[in-house]
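Visitor: Mind having a look at this structure? Questions to follow.
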Amino acid sequence: MKMPLLFFILTLACTGSILQNNNSIITQSSQLLVDDTQPLIDSIFIEGNTRFDTSWYKSILPLKEGNRFDSALYNNSSDIITDSLYSKGHFFAEVQNFTRINEQNSLNIYYFVYEGPVVLAGDIEIFGLELVKPVVVKRELLFNQGQKLTPFKILHSIRQIYNTGLFSYVTIEPIDTVLIYTELDSVEAPILIQVEEANMINLQIGGGYSSIEGLFGNLVFAHQNLFRLGHTASLSAQVSFISTGAYLSYTYPWFLSAPVSGSIRGYIDRYDWDTYKEVISGATFGIGGLARIYNSYRIWTSYKNQHFITEPQSNSLINTSITNTLLFGLSLRRDTRYSLLFPGNAIAATLTGELAGPWMTWSNQFYRIQTDLRSYLTFFDGNLITGSALYLGYLNSYGSTEGISPSELFRAGFGPVRPVRGYDEDEISPSTGEITGGRFALILNVANIIFPVYRVLNGEVFIDAGKIWTSPGSFSLSDLRWSAGIGLFLGIPSFPLRIDYGIKLERDGRFDGNIYFALGYPF
């Protein structure tokens, strides 16, 4: 009896099949209970194995010789063997098991194993493509024809195809064309890839409220499949009580057929701060790609011009005389999250370094180092998500530049610097004259727990802490601002709305706070 075809859907599920056995001496182990009356396991026999020795099979089995029989472990044991064989590329393996009581009233367990050949990738057939060229799918695969298949390669190929944003459904299935048992070491199996294309043209309208920007709204129009090759062009706009901006970007995946992505982005922003007004315009060009599965990098250069409509008062820490900035940056990242909304048991770590104006007296000259560390643990089949995060940023000028341009300073709730929920921005960010912001930032998301309430509605509890200092020399842990709060979170991929209420934990006993509306996981 041949094993059903292995099927991969989003998450890889490897399941073995327990073949029928018509031997009259087979016992019905599911009727046995685990207690002191259960027989001891005398011997475990592995038959039919040719590629892996008996000791390997016994090491992966939860049942051990000399222990009492456990029907639950026994019922899962054949799946454990097949899963282990799958992980080694034996996708067509089969396992049959039964038990027998011997003359000493102890139990013998028998496993008959057909390991099957190692499966190599054969011809690749893709079904479901209408607007996307096949090369877009094939270039994301972690295997080529003739190479050994593993569950890891298939799972992460599916993940990378999803990450293009072009598909709403992806499966990868090796087809068993071997009609009889074979003693061959390896066989090439045809690979069936089935996809459903997502919407290629997107119009998104969003908005919300935060204690930092007040009411805000944004509009995004994007085409994700130019030339049928997954090139993306987007036009977006954002408006709030503080800022108004427009952005135009273009992304070229697999730039010049290399496994890197190129992007260019132009923008113009106007900020109406309490003490001054400014317009910032510029452009960024970058390339990036994967270095192994979970590791990625990005290199970029950007030019920015800062124009003051009403100029703030300058001082020794702030520079408003030089309005041009040419910057070079490098970012290294390791991200094992399954998705941004459902991270799984994962970490996300980013290290970023930037250098502005080297050997250029017409440009602002400074360097900036940032690190962002995030960890996630899930429980109860992913229904309970716990997370913690740390953001650390350092900024300093060098060369002939005295002071830092106001737009480069760290500000809570702007850019990569997360807010401390419960506090207004000016309670976290320092002020130097008429300028808000600092050169050293520390933000801690000590604990963030999301738990199910009803269907897609989730509850949230959190503890935050953080502060931004004028310079590293003024840093003190006693300055940290702490908050705790609760929230509601809609676990809908297309509209992951989150509402948080943070309460200040002040030494003077005041427990007032602020409400936040946002989309997605808090970090």
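Visitor: Going by alpha carbons, how many degrees (0 to 90, nearest 10) lie between the helix axis of 151-163 and the longest principal axis of the chain?
Guide: Relative to the chain, helix 151-163 is tipped by roughly 30 degrees.
Visitor: Taking θ as phi - 60°, what are the ³J(HN,Hα) couplings along segment 371-387 by the Karplus curve (6.51, -1.76, 1.60), each to the nearest whole Hz, with x for Gly and Pro?
Guide: Result, rounded to whole Hz: 9, 9, 10, 9, 9, 9, 9, 10, 9, 6, 6, x, 6, 10, 10, 10, x.
Visitor: Can you pull out the chymotrypsin sites (Phe, Trp or Tyr not before Pro) in segment 391-429 that DSSP calls coil and that have at most 14 other Cβ atoms within 10 Å?
Guide: TYR398
Visitor: How charged is the neighbourhood of SER331? Take every other residue with its Cβ under 13 Å from the Cβ of SER331, and add Lys/Arg as +1 and Asp/Glu as -1.
Guide: It works out to a net charge of +1.
Visitor: Could you tell me which trypsin sites (Lys or Arg not before Pro) in segment 281-315 are loop residues by DSSP with no more than 15 other beta carbons within 10 angstrom of their beta carbon?
Guide: The qualifying sites are ARG292.
Visitor: Further question: Could you list THR310, THR336 so that the one with the fewest beta carbons within 10 Å of its beta carbon is first and the one with the most is last?
Guide: By the 10 Å Cβ count, ascending, the order reads THR310, THR336.
Visitor: Let me ask another. How much net charge surrounds ALA518 when only the other residues with a Cβ under 13 Å from the Cβ of ALA518 are counted, with Lys and Arg +1 and Asp and Glu -1?
Guide: Residues close to ALA518 contribute a combined charge of 0.
Visitor: Once the other residues with Cβ under 11 Å from the Cβ of TYR294 are scored (Lys, Arg +1; Asp, Glu -1), what is the net sum?
Guide: +4
Visitor: I've got another one for you. Label-point separation (nm) for ASP381 and LYS133, each offset 7 Å from Cα along Cα-to-Cβ?
Guide: 4.3
Visitor: While we're on this one: With charges set only on the Cβ (+1 for Lys and Arg, -1 for Asp and Glu), what does the dipole of segment 118-197 come to about its Cα centre, in debye to the nearest 20?
Guide: 380
Visitor: Next up: Which lysines does LYS304 reach when only Cα atoms under 26 Å apart count, and residues fewer than 8 places away in its own chain are ignored?
Guide: Of all the lysines, those that pass the test against LYS304 - Cα under 26 Å, at least 8 places apart if same chain - are LYS277.
Visitor: Angle, helix 71-87 long axis vs. longest principal axis of the chain, Cα atoms, 0 to 90°, nearest 10?
Guide: Computed tilt is about 70 degrees.
Visitor: OK, next. Please name whichever of GLY509, GLY399, THR436 sits farthest to the positive end of the charge dipole of the chain, dipole taken about the Cα centre and charges placed at Cβ: Lys and Arg +1, Asp and Glu -1.
Guide: Positive-most Cα among the choices belongs to GLY399.
Visitor: Using the Cα centre of the chain as the reference point, and only Cβ charges (+1 on K/R, -1 on D/E), how large is the resulting charge dipole? Debye, rounded to the nearest 20.
Guide: Using Cβ point charges on Lys, Arg, Asp and Glu, the chain gives about 920 debye.
Visitor: Once the dipole of the chain is set up with Lys and Arg at +1 and Asp and Glu at -1 on Cβ about the Cα centre, which of LEU351, ILE322, GLN194 lies farthest towards its positive end?
Guide: Farthest towards the positive pole: ILE322.
Visitor: Of (i) 37.6; (ii) 31.2; (iii) 22.6, which one was derived for mean projected area of the Cα convex hull in nm² from the structure shown?
Guide: (ii)
Visitor: Shifting gears a bit: Mean residue ellipticity at 222 nm from the helices of the chain, using -39,500 (n - 2.57) per DSSP H segment of n ≥ 4 over the full residue count, to the nearest 500 deg cm²/dmol?
Guide: Taken over the chain, the calculation gives -2500 deg cm²/dmol.
Visitor: Let me ask another. Which of the trypsin sites (Lys or Arg not before Pro) found in segment 420-485 are in a DSSP loop and have at most 11 neighbouring Cβ atoms, other than their own, within 10 Å?
Guide: Answer in residue order: ARG455.
No value in this document is a laboratory result; all are computed from the given coordinates. Just so you know, these numbers come straight off a predicted model, no measurement behind them. Virtual Cβ from ideal backbone geometry, glycine too; neighbours counted across all protein chains shown.
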